[in-house]
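Written below as structure tokens is the structure these notes are about.
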Amino acid sequence: MKQIAWIAALLCLLCGCAAKYETEEVFLLHDVPVPVDAPAPRYEMFCQVPDAAVQAFAGEDGVVYEANSGDFFLSSRTLPGMDAAEAMRAITGMEPEALDPVELETMGMRDYRFTWWAQTEDGLWLCRGRVLEDTDCCYALCAACCPEDPDARSACDRALETFSLNSARDAMP
């Protein structure tokens, strides 16, 4: 079950990859290229991470949290130099049109919300994402869970609902 959960989380985080690698290896093999001249992100991402989750991986551009039970995953990515369509394609491996994103406005930025399914050995996992598009950077949060588990769905819902940005300048001591 844990191996299947890793696969679903990696689908959310890394271009729809379904390979069975450890998280750190996948980051190295399938890292999203960032333009050399991309400006530094102006914001830091925040969301409510459930008590039942532990940080499984942290890199320069993202973090992965895993439920102790293996029933859900959260992943966040900072994608400098990308627009929303490129960001959605990078984190799901799918064309934005296939995701049928809903466009809203949050904090004066475009806020895209979308859903897709990931096939695992135990069946389909529900994957949902949000991409906040700043002028020169996108910020993404994805959640993957077993759809039959109400606690896992609730944890993912809460993380996605509380997803926000703070100015990097404001976050410094």
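The values are calculated or read from the model by the stated rules, or taken from the named source; none is laboratory data. Remember, it's a predicted structure, so these values are computed and weren't measured experimentally. Cβ: placed from backbone, ideal geometry, glycine included. Neighbour counts: every protein chain shown.
The residues of the range 99-109 that are in a loop (DSSP other than H, G, I, E, B), touching a Ser or Thr at 6+ places or on another chain (Cβ under 9 Å) and over 30 Å from ALA52 (Cα atoms) amount to a single one, ASP100.
Filtering the range 119-127 for residues that are in contact with a helix residue (DSSP H, G or I) (Cβ under 9 Å, 6 or more places away or on another chain) and modelled with pLDDT of 95 or more leaves an empty set. Across the range 80-98, the number of residues qualifying as over 29 Å from ASP149 (Cα atoms) and assigned to a helix (DSSP H, G or I) comes to 3.
Among the numbered conditions (1) without any contact (Cβ under 8 Å) to a residue 12 or more places away in the chain; (2) surrounded by 13 or more Cβ atoms within 10 Å (Cβ to Cβ); (3) of a type outside the set (Lys, Arg); (4) not in a helix (DSSP H, G or I), the only one that TYR112 does not meet is (1). When ALA143, ALA90, ALA98, ALA159 are screened for being without any contact (Cβ under 8 Å) to a residue 60 or more places away in the chain and either surrounded by fewer than 23 Cβ atoms within 10 Å (Cβ to Cβ) or under 23 Å from ALA56 (Cβ atoms) (or both), only ALA98 passes.
Is it true that ARG77 is modelled with pLDDT of 90 or more, touching a strand residue (DSSP E or B) at 6+ places or on another chain (Cβ under 6 Å) and either assigned to a helix (DSSP H, G or I) or not hydroxyl-bearing (Ser, Thr, Tyr) (or both)? Yes, satisfied. Please work out if ASP157 is farther than 22 Å from LEU79 by Cβ, outside any strand (DSSP E or B), over 18 Å from the mean Cα position of the chain (by Cα) and charged (D, E, K, R). The answer is no for ASP157.
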